[in-house]
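Chemist: This structure is in structure tokens; I'll ask about it shortly.
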Amino acid sequence: QVQLVESGGGLVQAGGSLRLSCAASRSTNRLSGIGWYRQAPETQRDLVATFSRSGTPSYADSVKGRFTISRDNTGDTVYLQMNSLKPEDTAVYYCKADLWGVTYWGQGTQVTVSS
């Protein structure tokens, strides 16, 4: 099993920045599909940023150039640096990872961007 715990959400004005953290119970280097998703009210959960198997990051078009996914040297924590935030970035942000064909989600952290 994998436990994922997100933190770092909050209220920020448009144009501001936040850094989200996802602490994993095992090294993310051994997990696949590690990434960040978000879900606004009454919408589906969408991919924001993820690492490929080779470790290459990829991003949703809506956040390219503003968000950066990274992980620490141990691989235990994955980050999402969010800059130039917009009101449309308001959502609950979730960390996700796959292990042996099972998908795990964190509990989510709320990000609210005021205009």
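Chemist: What does the net charge come to around residue 90 if you take all other residues with beta carbon closer than 15 Å to its beta carbon, with K and R at +1 and D and E at -1?
Modeler: 0
Chemist: Starting from the Cα of residue 29, step 7 Å along the direction of its Cβ; do the same at residue 60; then give the gap between the two resulting points in nm.
Modeler: 3.0 nm
Chemist: I've got another one for you. Starting at the first residue of the range 35-52, write each ³J(HN,Hα) from the Karplus equation 6.51 cos²θ - 1.76 cosθ + 1.60 with θ = phi - 60°, in whole Hz, x for Gly and Pro.
Modeler: Along the range 35-52, the couplings run x, 10, 10, 9, 9, 8, x, 6, 10, 7, 7, 10, 5, 10, 7, 8, 9, 6 Hz.
Chemist: A further question follows. Using 10 Å bins from zero, what percent of all Cα-Cα pairs in the chain falls into each bin?
Modeler: Going out from 0 Å in 10 Å bins, the chain shows 15, 51, 29, 5, 0 percent.
Chemist: Mind jotting down the distance between the C-alpha centroids of the range 76-107 and the range 1-34, whole Å?
Modeler: Computed from Cα coordinates, the inter-centre distance equals 5 Å.
Chemist: Roughly what % of DSSP beta bridges within the chain run antiparallel, to the nearest 5?
Modeler: Taking every DSSP beta bridge with both residues in the chain, the antiparallel ones total about 90 percent.
Computed from the coordinates by the stated procedures, all read-outs in this text should not be read as laboratory data. Only a predicted model underlies this, so the values are computations on that prediction, with no experimental measurement involved. Here Cβ is always computed from backbone atoms with ideal geometry, including for glycine, and neighbour counts include all displayed protein chains.
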